[in-house]
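The structure appears right after this line, and notes come after that.
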Amino acid sequence: MYQDYDYNNYSYLSPEERAAAKRNYFSRTYQTMAFGLLITFATALVTAMYFPWLAYNYMVVLLLCVAQIGLVVALNRAIATAGYGQVIAMFAGYACLTGVTFGSLFLLFDVTTIFQCFLATAAAFGGMAIFGAVTKRDLSPWISSLMGTLIGVLVLAVVNIFLQSPMLDSLICAVGVVLFMGMAAYDSQKLGQMFDQTGGGELAERYSVYAALQLYLDFINIFLYLLRLVSRSRRN
């Protein structure tokens, strides 16, 4: 599937070979992300069909969320020391746990709506990821605005737990979609910078899994906010 490049001798490659190696690296990262999405949605469907009680058991969902946080922390720490296979296994485990918590989506929304939102998310995410990968503009100044917006969205979400305002919820969802589209562009550009900084070596291979996780989370958040936005507009 992948052309065999000697990443450890990246500095000795010709410009054409370096560009090809970088494209190969991007391809591997995005395929890892897609692998995680496949696991998540397959697990969610199986959970909804055969174990629907898991999606409505608050204690189980809470434990799964804690386990997800623990896996992300463990994955972050394992990047520098663990093998590539171990890091991939941890990423797959995270995607599987997310899928169990997503089982409720197939119980709350019809499959057509979920599929349409997934396609729309793929188009939006893909466009911003390509923009981040090819633009010559440095997107690092975006991160302060993106993080500030993220904090604002979280604060408004907490406030709306008490207000229960449909208009505010729609605003939160719309801002959330735009926010994580921006994160997708930023994380895509950061992926290329990371490859250059590490010289494309073995460490970069492990970091690509963590980058795939970040891109995976960008995709998931766009999808969730868009699904909420579409479902609310249809109810209205």
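At the listed q of 0.18 Å⁻¹, the Debye profile of region 124-170, built from one uniform point per Cα, gives log10 I(q)/I(0) equal to -0.72.
What ranking of F131, F106, F35 comes out by heavy-atom accessible area, probe 1.4 Å, highest first?
Ranked from most to least accessible, the order is F35, F131, F106.
Based on every Cα atom in region 107-187, Rg and the maximum pairwise Cα distance Dmax equal 15.0, 44 Å. A 1.4 Å probe run over the chain, with the rest of the protein chains in place, finds 53 Å² accessible per residue. Extension gain for T81 to N57 (0.36 nm times residue separation, less C-alpha to C-alpha distance): 5.0 nm.
Alpha carbon centre of region 155-175 versus region 64-132: separation in Å? Taking the Cα centre of region 64-132 as reference, the centre of region 155-175 is 24 Å away. Length gained on full extension, A89 to R232, computed as 0.36 nm times the residue gap minus the Cα-Cα distance: 47.8 nm.
Heavy-atom accessible surface of D110, to the nearest 10 Å², is about 80 Å², with a 1.4 Å probe and all protein chains retained.
Could you tell me the calculated FRET efficiency between A174 and T135, based on Cβ-Cβ distance and R0 = 25 angstrom, to the nearest 0.05?
FRET efficiency, A174 to T135: 0.55.
In the chain, helical runs assigned H by DSSP with n ≥ 4 each contribute -39500 (n - 2.57); averaged across all residues and rounded to the nearest 500, the mean residue ellipticity at 222 nm is -29000 deg cm²/dmol. The Kirkwood hydrodynamic radius of region 137-236, based on inverse pair distances between different Cα atoms, is 15.0 Å.
Counting heavy atoms of the protein chains alone, W53 has an accessible area of about 150 Å² for a 1.4 Å probe.
Would you kindly state how much longer the chain becomes between S145 and L108 on full extension, computed as 0.36 nm times their sequence separation minus their alpha carbon distance, in nm to one decimal?
Taking 0.36 nm per residue and subtracting the Cα distance, the gain is 10.0 nm.
Just to verify a number: FRET efficiency for I161 and F115, C-beta to C-beta distance, R0 = 30 Å, to 0.05? FRET efficiency, I161 to F115: 0.55.
The values are calculated or read from the model by the stated rules, or taken from the named source; none is laboratory data. As the structure is a prediction and not an experimental result, all values here were calculated from the model. Virtual Cβ from ideal backbone geometry, glycine too; neighbours counted across all protein chains shown. These area figures cover heavy atoms from the full protein model, side chains too; ligands, DNA and RNA do not enter into them. Shrake-Rupley method; radii C 1.70, N 1.55, O 1.52, S 1.80 Å.
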